[in-house]
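The values are calculated or read from the model by the stated rules, or taken from the named source; none is laboratory data. Being a predicted model, the structure only gives us computed values, none of them experimental. Heads up, the Cβs are rebuilt from the backbone with ideal geometry, glycines too, and the neighbour counts pull from every protein chain shown.
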Amino acid sequence: MFYKNKVSLSFLLIMFSIGAFSQSGVFKVILDAGHGGHDAGAHYYGHVEKNIALSITLKVGKILEAYPSIKVIYTRKTDVFVTLKDRANIANKEKASLFICFHCNANRSPAASGTETYVMGMSRSNMNFEVSKAENSVIFLEDNYKQTYKGFDPNNLETLLGLKLIQEDNLANSISLASKIQDNFLNEKLESRGVKQEPLWVLDASVMPGVLIETGFVSNVAEANDLDSDEGQNVRARAIADAILSYKKELFGNGNSDNYIEKPSQKIIEKVVKDTSSSVKSKLIVAIPKEKKAVLNANTNEIVFKIQLSASVKKTELISSNFKGLENVEMVSEGKFYKYLYGVTSDYDEAKKLLEQAKSKGYKSAYLIAYKNGDKISVKEALR
């Protein structure tokens, strides 16, 4: 389960000065296994969050380490306690490109299940506030927590509401990665609870795009058993690693020595089916559907911006009443998913206004996307 806290604006401005991306051309990914040491996290039925989070983290790292253009840095590789501050400091010192946190969820109801991915944001939900208080209680396990967190009280709602989003580009990229992760979970037949925004301390204190992944509920007996199995962890590791590789390719290209023709993680982790009577092993190979090009409502020779509102396996009729009154919504089919896009403009400032309009209608996880000649490109590339 995750942690939330507040970090001062001055601290963030100092951190921004070190830069979030490697100047060497190496794509650095921080893999942060939640909890550790005397902080066990959630634990039910003999399944312990800190152990599951670490195991999935190491499996994702094994996949990514096979790519020469990627450098993987771990905040912990063993059962040790790492403070929230040190987790963020590791990422900032390395000038990492991505920060990925791994956790397991828990709920009073044993029926709660599914995966979800969080990005830095704000929420006034009473339910989320209760989760926040529980998650941030780990702060009190740290030495000198009053000095480190400058009087932050996880039981004070005003503290959480005082957080602000000051990294617009990082947030958009974080949402993009989070969406890829959740899409991949759905492709792997895992339940998805979607992409959510919350005031997360480690994501706020790190100056690069980042996400926190709740890989499932240890409070759910069936899901806990799956989470604590090699097969269940491999499925999640493949989904997460493939999302990271897709994100890297979309924003920075393949790299000279990286190969994205086959599903990347098939090279490293393969789901093995053992016949107990013959001890014969076979590999399960899953093909990736080719992404369809979006149909643009503007001249394809220019760069255009749109707003992605949502993605779903269900097809929704394109009428304004289905999209909270928003007009000019189109649907793009990508594999098994339908993605719903709002507006179209070649003006970046106008696109930001459209984004704010979408969020004001309740699409809090909406984000900017860009196209050139009918192909999706990164917003960063579009603004060059």
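Structure notes:
- Selection status of K248, of a type in the set (K, R), outside the structural domain of E334 (by TED's automatic domain parsing) and at pLDDT below 65: no
- Residue match in region 224-233 (condition: assigned to a strand (DSSP E or B), assigned by TED's automatic domain parsing to the domain that holds L54, crowded, with 24+ Cβ neighbours inside 10 Å and at negative phi): no
- Filter result (part of a strand (DSSP E or B), out of contact with any Pro (no Cβ under 9 Å at 6 or more places or on another chain) and not aliphatic (A, V, I, L, M)) within region 92-123: C101, F102, H103, C104, N105, T115, E116, T117, Y118
- Residue, surrounded by the fewest Cβ atoms within 10 Å (Cβ to Cβ), within region 208-223, restricted to residues that are among the hydrophobic types (A, V, I, L, M, F, W, C) and in contact with a strand residue (DSSP E or B) (Cβ under 9 Å, 6 or more places away or on another chain): V221
- Of all residue pairs spaced 6 or more apart or on separate chains, those with beta-carbon atoms under 7 Å, a first member in region 64-80 that is assigned to a loop (DSSP other than H, G, I, E, B) and a second member that is buried (at least 22 other Cβ atoms within 10 Å of the Cβ) and modelled with pLDDT under 95 are S69/F27; T75/R87.
- Where a residue in region 32-47 is free of Cβ contacts under 8 Å to residues at least 24 places away in the same chain and its partner, wherever it lies, is crowded, with 18+ Cβ neighbours inside 10 Å and charged (D, E, K, R), with Cβ under 6 Å and at least six apart: A40/K50
- Hits in region 307-332 (condition: surrounded by fewer than 13 Cβ atoms within 10 Å (Cβ to Cβ), under 17 Å from Q182 (Cα atoms) and either free of Cβ contacts under 8 Å to residues at least 12 places away in the same chain or not charged (D, E, K, R) (or both)): V313
- In region 320-361, residue modelled with the lowest pLDDT [restricted to those that are farther than 22 Å from R384 by Cα, part of a helix (DSSP H, G or I) and of a type in the set (D, E, K, R)]: K359
- The C-beta contact set for region 359-371 (first residue in the same structural domain as S321 (by TED's automatic domain parsing) and of a type in the set (S, T, N, Q), second residue crowded, with 22+ Cβ neighbours inside 10 Å and not in a helix (DSSP H, G or I), distance under 8 angstrom, 6+ apart or interchain) comprises S365/V119; S365/V195.
- Tally, over region 213-236, of residues that are touching a Ser or Thr at 6+ places or on another chain (Cβ under 7 Å) and of a type outside the set (D, E, K, R): 7
- Matching entry among I90, I100 (being surrounded by 15 or more Cβ atoms within 10 Å (Cβ to Cβ) and modelled with pLDDT of 95 or more): I100
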